[in-house]
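Following: one structure in structure tokens, then a few remarks.
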Amino acid sequence: MGKAAREIPVGALSETEAATEIARLTDLIRQANVAYYQEDAPVMSDAEYDAARRRLSLIEAVFPRLKRVDSPSGQVGAAPQEGFARIRHAVPMLSLANAFDGEDVREFDRGIRSFLGLAPDAPLAYTAEPKIDGLSLAIRYEQGALIHAATRGDGAVGEDVTANARTIGDIPHRIAGAPDILEVRGEVYMGHADFAALNAAQKARGEKTFANPRNAAAGSLRQLDPAVTATRPLRFFAYAWGEVSEPLAATQMEALERLAQMGFVINDLTRLCPDTDSLLAHYARIERERATLGYDIDGVVYKVNDLSLQARLGMRSTTPRWAIAHKFPAEMAWTRLERIDIQVGRTGALSPVARLSPVTVGGVVVSNATLHNEDYIAGRDSAGAPIREGRDIREGDWVQVYRAGDVIPKIRDVDLSRRPADSKPFEFPKKCPECGADAVREPGDSVRRCTGGLACPAQQVEKLRHFVSRPAFDIEGLGARQIEAFHRRGWVLSPADIFTLQSRHGAELAGLEGWGETSAQKLFAAIESRRRIPLARLIFALGIRHVGEAAARLLARSFLTWEALLAVIDAAAPREGEAWDSLLAIDGIGTVMAASLVTAFHQPGERAAIDALTRELTEIIPAEPPAQQSPVAGKTVVFTGKLEQMTRAEAKARAEALGAKVAGSVSKRTDLVIAGPGAGSKAKKAAELGIEVLDEAAWLALIGA
Ligand code: IVH
């Protein structure tokens, strides 16, 4: 670094000096990375580089508040195993709703017209373009320079793959004529020929081959060493954008053209379509050409062309209203069902898995498929009505397997003409195959569950695997395999045991095969670092039935602290009263989830495990209160009468996006009534109750529309 002599010891830095130092070191390391990995022209010695990284890590350790989400510490180079840094997306990365046939597409168009209040024959153009089967990437440019690139991750936070993205030829490092801030989004993928060549080379070297081009692209982009990514033939199509400091254009099509002018590759099968017939015609063309494109696609994406309409349409919780993916039909194949195994999940669900004679379905070798539940095997749905015309599925049968997109392969049908003469109906076990406890079906539940609870080893392992998974505690170096091994030895039976592992078995672990002093110390350091955990992660990690990632975030945002959450759940046990009502008052939490929460926290074994865990934690980081308070956040509003500027649906969506709750009738709990012409009894009632009534113009002024 050359500046070592003038460096202030980290302990003596003020917070401001530390922030300046972090900025300087971050730049220095970034430049060094680019010079080394992309330009093959190092600008400093390895020792200087290592010293810069060490100093940055040290400052970050002493001033953890200053650590930048995109910090280069722990990324490339010296300590690759540490994994990727995280980048919070300035604008969430959404996924797309699906359409499976022409009727779904027409319904999409009707829904948009009704939301916007457009007549059936009013002009409404869409773009149509292939849906690339790769992985999405967001690339941020500031003043035309590539600043960072992040994977989608959970949509809110992705992985920092900047160094890797820079090795992709289709991704410009500098762009001209762009807004000051421009985040370009698109798909990283690998072409068929490149994929075949890569697999052949991997095989020749005795290294692992990839199941399909998408896996190869994902594996290549998520390499900890960008030098490896640089050798992989990755490509990139741009099709969308995130944060922009000024609008790119007035329409989707023009925006894509601008991206093309800046040097991005836009798919040449992108078309502007004036109506749904034209969308479907273009879909048919793309489907015909699919096999000759040279890369995988799994459907066609339709987007409203007018960007001001896109803005008005906005989004649902995870998908935009203005776009849809029209998927190609699933790929299928016939094969023999060798055996039906029963797996026990973390909530005790007994899941039947079909073990198949390996067969290629859409380019992927499939040897397992889900059979859903016992009714599905028996040929009936959960209401008892026949499926597959009542044909059951048996071991030894020939079955039709299909894959739709990413999901686990499924069994669609069975060929009775090839059924062995001596076959017998499959008998679904009534006892847990793992622990022998009774497996029971609650009325109305399609799933049979083991009643062994935390005493069932399979449930223990699954709960632990969930606990350490990426969206949960995400403990570096502690994956499913290690959990299984520790569980087998009896070292880790519940989450709290992870945090006492070092004191109980630290020395033994270092001596185990595949481990050593260094890797054991690394694991323990990773575990220690997780004694501070954000509230939402903790809630999700508990693995409570019906409480997924989104619900965990919702609970965290609603209660902010663990103590507040616990107090309400504890008081909600009678499933009535104020605490219970306050759980149900949260938009997005229904009785099923609330009941599941209460049950889990009141089940003594489960509660003991939760308490033991929280005793091991040093800080449960409270959730951030909603960032910007809109004037209507948390208020209950009622629309009545005719709105003139927008449809009811749009008004409701806008109000909800600003944090308001939209109710259908006026009551004491109503905060605000927006009354258009023709408003009748509701406006009157509001006046009686002394509730504020606004006309549409005043409402729009209030929300700054
Ligand atoms: S638009 C707001 N266009 O499909 C919507 N997505 O299932 C942003 N994808 O996460 C996505 N090709 O990774 C869009 N031409 C295309 C696409 C495309 C592939 C992926 C993308 C997205 C996923 C949703």
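The values are calculated or read from the model by the stated rules, or taken from the named source; none is laboratory data. Values in this document were obtained by computation on a predicted structure and should not be read as measured data. Don't worry about glycine lacking a Cβ; one is built from the backbone with ideal geometry, like all the others, and counts go over all protein chains shown. Heads up: the accessible areas ignore ligands, DNA and RNA and are worked out on the full protein's heavy atoms, side chains in. Shrake-Rupley method; radii C 1.70, N 1.55, O 1.52, S 1.80 Å.
Each Lys and Arg Cβ is given +1 and each Asp and Glu Cβ -1; about its Cα centre, the chain then shows a dipole of about 840 debye.
What whole number of Å gives the distance from the Cα centroid of segment 135-203 to the Cα centroid of segment 481-552? Each part reduced to its Cα centre gives a spacing of 33 Å. Put +1 on the Cβ of every Lys and Arg and -1 on every Asp and Glu Cβ in segment 437-544; which of LEU512, SER446, TRP491 then has its Cα farthest towards the positive end of the dipole? Working it through, the farthest residue towards the positive pole turns out to be SER446. For LEU269, what is the net charge nearby, where nearby means another residue's Cβ is under 13 Å from its Cβ and Lys, Arg count +1, Asp, Glu -1? After counting each charged neighbour, the total is +1.
Normalised by the number of residues in the chain, the average gap of Cα pairs under 8 Å and 6 or more apart makes the relative contact order 9 percent.
Calculated mean residue ellipticity at 222 nm for the chain: -11000 deg cm²/dmol, from DSSP H runs with n ≥ 4 weighted as -39500 (n - 2.57), summed, divided by the residue count and rounded to 500. Straight-distance candidates among the aspartates and glutamates for linking to LYS203, with alpha-carbon spacing under 15 Å and chain neighbours fewer than 8 residues away dropped: ASP194. With both labels modelled 7 Å from their Cα along Cα-to-Cβ, the LYS67 to ARG412 distance reads 4.8 nm. Shown is the FRET efficiency for ALA176 and SER245, computed with R0 = 25 Å from the Cβ-Cβ distance and rounded to the nearest 0.05: 0.95. FRET efficiency for the pair GLU576 and GLN202, taken as 1/(1 + (r/R0)^6) with r the Cβ-Cβ distance and R0 = 60 Å, rounds to 0.50.
The charge dipole of segment 624-663, taken about its Cα centre with unit charges on the Cβ atoms of Lys, Arg (+1), Asp and Glu (-1) only, comes to about 180 debye. A Cβ-based charge dipole, computed about the Cα centre of segment 333-379 with Lys and Arg at +1 and Asp and Glu at -1, lands at about 140 debye. Cysteines in the chain that lack a partner Cβ within the 4.7 Å cut-off: CYS273.
The label-point distance for LEU689 and MET332, in a model that sets each label 7 Å from Cα toward Cβ, rounds to 5.4 nm. Quick one: pull the percent of accessible area on the chain belonging to carbon and sulfur, 1.4 Å probe, ligands and nucleic acids left out. The C+S portion of the solvent-accessible surface of the chain is 52 percent. The per residue volume of the convex hull around the alpha-carbon atoms of the chain is 213 Å³. I need the calculated FRET efficiency for the pair TRP491 and GLU563, taking r as the beta carbon distance and R₀ as 45 Å, to the nearest 0.05. The value I calculate is 0.90.
Would you mind working out the accessible area per residue for the chain, using a 1.4 Å probe, and quoting it in Å²? Don't skip to the answer; put the middle values down first.
Values: 33470 Å² over 705 residues.
Per-residue accessible area for the chain comes out at 47 Å².
Here's the picture: charge each Lys and Arg Cβ at +1 and each Asp and Glu Cβ at -1 in the chain, and of HIS282, ILE533, ILE377 the one pushed furthest to the positive end of that dipole is ILE377.
Close amide H contacts of VAL157 (hydrogens built in the peptide plane, cut-off under 5 Å, sequence separation of 5 or more or a different chain): HIS89. The residue among ASN368, PRO233, ALA573 whose Cα reaches farthest toward the positive pole of the charge dipole of the chain, with charges on the beta-carbon of Lys, Arg, Asp and Glu, is ALA573. Measuring nothing but how far apart in sequence close Cα pairs (under 8 Å, 6+ apart) lie, relative to its length, segment 212-294 scores a relative contact order of 20 percent. Only lysines eight or more places from LYS208 in sequence, or on another chain, were considered; those with a Cα closer than 28 Å are LYS131, LYS410, LYS522.
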